[in-house]
Amino acid sequence: MIINLPEIKTKQVTIGEVFKVSSGGTPSRKKDEYFTDGNIAWVKTGDLKGKFVNPATEFISQLGLDNSSAKLFPPKTVLLAMYGATIGACSILPFEAATNQACAALLPSDDCDENFLYYYLSSIKPYLINKGVGGAQPNISAGLIKNLKIPLPPLAEQQKIAAVLDAADSLRQKDQQLIGKYNALSQSLFLELFGDPVTNPKEWNISAFGKSLIDIVGGKSVGGEQRQIKDHEKAVLKISAVTTGAFNSLEYKVVESCELPEILVHPQKGNLLFSRANTRELVGATCIVDKDYEYLFLPDKIWRLDLKLDMASNWYLRFLLTHEGFRENLRKVATGTSGSMLNISKAKLKQLKIPLPPITLQNQFAERIQSIETQKQQAQASLEKSEALFNSLLQRAFKGELT
């Protein structure tokens, strides 16, 4: 596939020279009138999941806007996440909205196309992540954003570049949508066989999670470098390797041999992995490993759950623990002083009450799910190719290279 990208001229400016950079705020949660019957969309970093902001899940009132540091931003504003696990996530605002303080807002400029800006910020996301400072909740500052350099060709060239990237992006979106259909089919099968795990309409036996476990095995976290792994090297997984519900073997940090722990816990085919620490939205994320990875090892924030196979199936538990309604039970047992980073202890996880259908039914579910997973893996392979094309064009576009 040959795509000619317009060559970017060398002119570079700082974000602050082209855009007004602002941020939002959070009305007091103690004032019901700031949120009750609100009609002003209030966007949080969790809504920045694609090119355009997801529909707002929360709204504030005019009173809440007037009595807080929240501001109303116009359509075409580009939002950039500044805090925590979402650092570097960005989206274009397609509607008028306010945001919380974790979102930096780059207001529309006549000198820069918002689509071009979105793709540029997407291309430097790894850089932004590495610039995050702080402990449990790293962040990037508005000052750092204002000082970012951005290539700024004429507006017409910006729009051509954005159009090429839009075309490549549409290919991967089609693959993502197909995978989404397989995921929806799997969720439908889970509910058909087991019912809603929160209301438990089929009256399955309720058991402490620990009764289904042989052991909970964690690894060790060590410092590492975020780069592609080479032969004979080893790498520690990041918690983002499990947060999507599917094991992502590309989310790792390469570790120097002198820094390797004495005992390495490698992810192996069929392992049920569990993220014990993350944001409120992602704590307790769970996935199943697709094959053996001898060059990867688990950090202390990811556990391997070893099951009593005569009581529980890994596929049943994977779907149970990722069911959005049931996940609220996980959040309830999580602890932490920061609203952005929660932790689940082994004791709390073992005490968690779960519905436990007969193992024969769980195994039937697993067989049918694995058939769906085989088809999904083919779609995943196609997605990896379209992702590779898009990422290649994304990086080359802002270097003035032709592909």
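The values are calculated or read from the model by the stated rules, or taken from the named source; none is laboratory data. Note that this is a predicted model, so its numbers are computed, not measured. Note that each Cβ is placed from the backbone with ideal geometry, even for glycine, and that neighbours are counted across all protein chains shown.
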Could you name every one of the helices (runs of 4 or more DSSP H) located completely within region 283-363 that has at least 2 residues being surrounded by 15 or more Cβ atoms within 10 Å (Cβ to Cβ) and of a type in the set (Ser, Thr, Tyr)?
-> 314-322
Qualifying positions in region 223-270 - touching a helix residue (DSSP H, G or I) at 6+ places or on another chain (Cβ under 9 Å) and in contact (Cβ under 8 Å) with a residue 40 or more places away in the chain = Gln226, Glu233, Lys234, Ile239, Ser240, Thr243, Gly245, Ala246, Phe247, Ser249, Tyr252, Gly270
Being part of a loop (DSSP other than H, G, I, E, B), of a type in the set (A, V, I, L, M, F, W, C) and under 29 Å from Ser122 (Cβ atoms) is the filter here, so list the residues in region 8-66 that pass it.
-> Ile8, Phe19, Leu48, Val53, Ala56
Residues Lys238, Lys269, Lys211: which one is charged (D, E, K, R) and farther than 20 Å from Leu320 by Cα?
-> Lys238
Exception for Asp215 within (1) outside the structural domain of Phe297 (by TED's automatic domain parsing); (2) assigned to a strand (DSSP E or B); (3) of a type in the set (Asp, Glu) falls at (1)
Quick one: which of Asn183, Asn200 is assigned to a loop (DSSP other than H, G, I, E, B) and either in the same structural domain as Phe390 (by TED's automatic domain parsing) or within 30 Å of Pro357 (Cβ to Cβ) (or both)?
-> Asn200
Only one of Gly24, Gly84, Gly38, Gly16 is closer than 30 Å to Ser240 by Cα, modelled with pLDDT of 90 or more and surrounded by 14 or more Cβ atoms within 10 Å (Cβ to Cβ); which?
-> Gly24
Looking at (1) assigned to a strand (DSSP E or B); (2) polar (S, T, N, Q); (3) without any contact (Cβ under 8 Å) to a residue 12 or more places away in the chain, which is the one condition that is false for Gln177?
-> (1)
Considering (1) surrounded by fewer than 15 Cβ atoms within 10 Å (Cβ to Cβ); (2) in contact (Cβ under 8 Å) with a residue 12 or more places away in the chain, say which one Lys220 fails and leave the rest.
-> (1)
